[in-house]
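What follows draws every value from the coordinates through simple rules; no lab data is involved. Bear in mind the structure is a predicted one, so any value in this text is a computation, not a measurement. As a convention, Cβ positions derive from the backbone with ideal geometry for all residues, glycine included, and neighbour counts pool all protein chains shown.
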């Protein structure tokens with residue numbers, strides 16, 4: 001398990017496109033749109049950026065094979081920079097059930113917990129994606145909302161469930 005970098009672009013892109021194609025309902029991004037994006041756009045996500053120190057994409061490997069990914073990005077606007085957004089959790093079916101998804105989520109949580117100023121992680125999971133939801137709940141995330149028809153695929157709406165995890169150092173009183 002490690003943070004991915006620019007050298008991982010090809011394997012990351014291949015696994016990401018596979019996940020988007022095989023499970024379109026699980027992701028807000030669309031496989032056809034992602035395929036058309038310049039490689040530089042995805043490479044930027046993997047490059048260390050001093051202006052965005054909290055952002056990272058983690059990869060799980062079996063040997064040299066990438067078998068799962070999960071990322072965090074932080075909106076750097078002043079009022080919301082205390083929140084990290086978890087995205088792109090994907091483990092191929094042939095690797096499911098081995099704890100890879102949980103290990104990836106734990107890596108994101110550990111990274112966020114070590115990031116000054118981050119107080120919470122938020123994410124969305126498509127209603128009906130019970131396996132992913134269980135991973136998030138076991139990691140400590142709690143549901144706080146549901147957006148009806150958050151995404152549409154082939155004319156059919158899919159709800160998104162919104163979840164939050166308050167980081168241990170952030171358990172101070174709120175106003």
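Could you tell me the relative contact order of the chain? Use alpha-carbon pairs under 8 Å, at least six residues apart, and round to a whole percent.
With pairs under 8 Å counted, the relative contact order is 18 percent.
Taking each residue as 0.36 nm, the span from residue 137 to residue 153 lengthens on full extension beyond its C-alpha to C-alpha distance by 3.2 nm. Computed over the Cα atoms of the stretch 87-175, the ratio of the radius of gyration to the Kirkwood radius (Rg/Rh) comes to 1.01. Share of pairwise Cα-Cα distances greater than 18 Å in the stretch 5-52 is 32 percent (whole percent).
Counting every pair of alpha carbons in the chain, the share spaced more than 21 Å apart comes to 49 percent.
Spin-label model, residue 166/residue 61: points 7 Å from Cα along the beta carbon direction are separated by 3.8 nm. Each label was represented as a point 7 Å from its Cα along the Cα-to-Cβ direction; for residue 146 and residue 94 these points are 3.6 nm apart.
Label positions at residue 113 and residue 17, each projected 7 Å from the Cα along the C-beta direction, are separated by 3.7 nm. Exposure proxy for 87, 27, 166: other Cβ atoms within 10 Å of each Cβ, ordered fewest to most, give 166, 87, 27.
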